[in-house]
Amino acid sequence: MTQLRVGIDLGGTKTEIIVLNNTSEELYRKRIPTYRDDYQRTLADLALLVKEAEAAVGVSEIPVGLGIPGTVSRKTGFVKNANSTWLNGQPLQKDISAQLKRDVQVTNDANCLAVSEATDGAGAGYDFVFAAILGTGCGGGVCYRAAPLAGPNGVGGEWGHNPLPWTPEPQLNARPCYCGRYGCQETFISGTGVAETYRLATGARLSGPEILAASDSGDTTALQVVDAYMEHLARAFAAVINVLDPDAIVLGGGASNVSAIYRELPKRLPRYVFGGECDTPILQAQHGDSSGVRGAAWLNPL
């Protein structure tokens, strides 16, 4: 008998739903703009999306998984750390489960990336997968045998708000982070961080894609900024390897499309990994920006 799963990716700008069968076949997909700063509207939109999806596939009471740009506190049951700030302090898991009249599995969107890619993507066949989203910000998630490891504080894998290792204090202090601290890895290795590296070097503001284009054209400063970015990534992921030593690291987000990452990191990681060697594969997410919604669907084991 074919069994179905619903996955929802609740992002800051778009909300997407998908229905998968037990062989990963996509049966339904819909994407809508996220209505910001209105929690009750968010709940209503999520419930409507599920109702429409079930009507489309002709099946009701399908298990639902939800990925969010934050986490649910095990202690309080409230959302915390969400950059979609209207979710913070809200009992989202309890409320959406009540609306749908079933238990909804909720986890961080980076955990969904990890689950998706470990299930049937670039990380398939690896037991222990660390996944990183490198975009406007950066996030991380961990899964073991395709199950997310959120931890008692709900922050498993979220290494982006630790200081970038092996970095002089003046460089850390030059980069304030929205979290209220300085020198977080997000301020170096996100798309915003690359732009800040360029601004600190030149006083000018270029986007990440513009910096890459300039480096491809041979611009000396842009080449130096891209080289620094590779070093920053190597330090950041070496810290993950030194603590967790995952079987594979999978990258998603816009920066994951930079092909130089997959050439440069294997050469640079041994400089920082304890013991001077590193065999950890660095892999690009196979499902691209669909990994989050697919991983949310896989949160419910059949």
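Some observations on this one:
Results for (1) on the phi < 0 side of the Ramachandran plot; (2) modelled with pLDDT under 90; (3) in contact with a strand residue (DSSP E or B) (Cβ under 9 Å, 6 or more places away or on another chain); (4) of a type in the set (Ser, Thr, Tyr), shown as yes or no for each residue.
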| residue | (1), (2), (3), (4) |
| --- | --- |
| Gly135 | yes, yes, yes, no |
| Arg145 | no, no, yes, no |
| Pro163 | yes, no, yes, no |
| Pro170 | yes, no, no, no |
| Pro176 | yes, no, yes, no |
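- Of all residues in the range 263-278, those being open to solvent by 30 Å² or more (accessible area, probe 1.4 Å) and in contact with a Ser or Thr (Cβ under 9 Å, 6 or more places away or on another chain) number 1.
- Checklist (1) in contact (Cβ under 8 Å) with a residue 24 or more places away in the chain; (2) within 19 Å of the chain's Cα centre (by Cα); (3) surrounded by fewer than 19 Cβ atoms within 10 Å (Cβ to Cβ) applied to Thr119, failing item: (3)
- Taking (1) open to solvent by 20 Å² or more (accessible area, probe 1.4 Å); (2) under 29 Å from Glu16 (Cα atoms); (3) in contact (Cβ under 8 Å) with a residue 24 or more places away in the chain in turn, Pro281 satisfies each apart from (2).
- Of all residues in the range 156-198, those satisfying the criterion of being over 28 Å from Arg74 (Cβ atoms) and open to solvent by 70 Å² or more (accessible area, probe 1.4 Å) are Trp166, Glu169, Pro170, Gln171, Asn173, Pro176, Tyr182, Thr192.
- The condition of being open to solvent by less than 40 Å² (accessible area, probe 1.4 Å) and free of Cβ contacts under 8 Å to residues at least 24 places away in the same chain does not hold for Thr202.
- Some residue of the range 39-59 being modelled with pLDDT of 95 or more, among the polar types (S, T, N, Q) and closer than 17 Å to Leu299 by Cα: no
- Among the candidates Val258, Val243, Val226, residue that is open to solvent by 10 Å² or more (accessible area, probe 1.4 Å), within 17 Å of the chain's Cα centre (by Cα) and among the aliphatic types (A, V, I, L, M): Val258
- Where a residue in the range 64-85 is in contact (Cβ under 8 Å) with a residue 24 or more places away in the chain and among the basic types (Lys, Arg) and its partner, wherever it lies, is open to solvent by less than 30 Å² (accessible area, probe 1.4 Å) and not in a strand (DSSP E or B), with Cβ under 7 Å and at least six apart: Arg74/Gly154; Lys80/Gly70; Lys80/Ser73
- As for the range 42-56, it holds no residue that is surrounded by 23 or more Cβ atoms within 10 Å (Cβ to Cβ), of a type in the set (A, V, I, L, M) and closer than 24 Å to Gly252 by Cα.
- Whichever residue in the range 1-41 is of a type in the set (Val, Ile, Thr) and open to solvent by 40 Å² or more (accessible area, probe 1.4 Å) and, among such residues, is nearest to the chain's Cα centre (by Cα): Thr13
- Qualifying residue in the range 36-54 (condition: among the hydroxyl-bearing types (Ser, Thr, Tyr) and either closer than 29 Å to His161 by Cβ or in a helix (DSSP H, G or I) (or both)): yes
- Residue match in the range 215-222 (condition: surrounded by 20 or more Cβ atoms within 10 Å (Cβ to Cβ) and under 23 Å from Leu113 (Cα atoms)): no
- The one condition in (1) assigned to a helix (DSSP H, G or I); (2) among the polar types (S, T, N, Q); (3) at pLDDT 95 or above that Ser291 fails to fulfil: (3)
- Options Gly151, Gly140; residue that is closer than 22 Å to Arg74 by Cα and surrounded by 24 or more Cβ atoms within 10 Å (Cβ to Cβ): Gly140
- Annotation: of all residues in the range 67-107 being closer than 16 Å to Gly139 by Cβ and assigned to a strand (DSSP E or B), the one that is most open to solvent (accessible area, probe 1.4 Å) is Lys80.
The values are calculated or read from the model by the stated rules, or taken from the named source; none is laboratory data. As the structure is a computational prediction, the values presented were derived from the model and not from experiment. All Cβ positions, glycine included, derive from the backbone under ideal geometry; neighbour counts span all protein chains shown. Just so you know, the surface numbers come from the protein's heavy atoms only, side chains and all, with ligands and any DNA or RNA stripped out. Shrake-Rupley method; radii C 1.70, N 1.55, O 1.52, S 1.80 Å.
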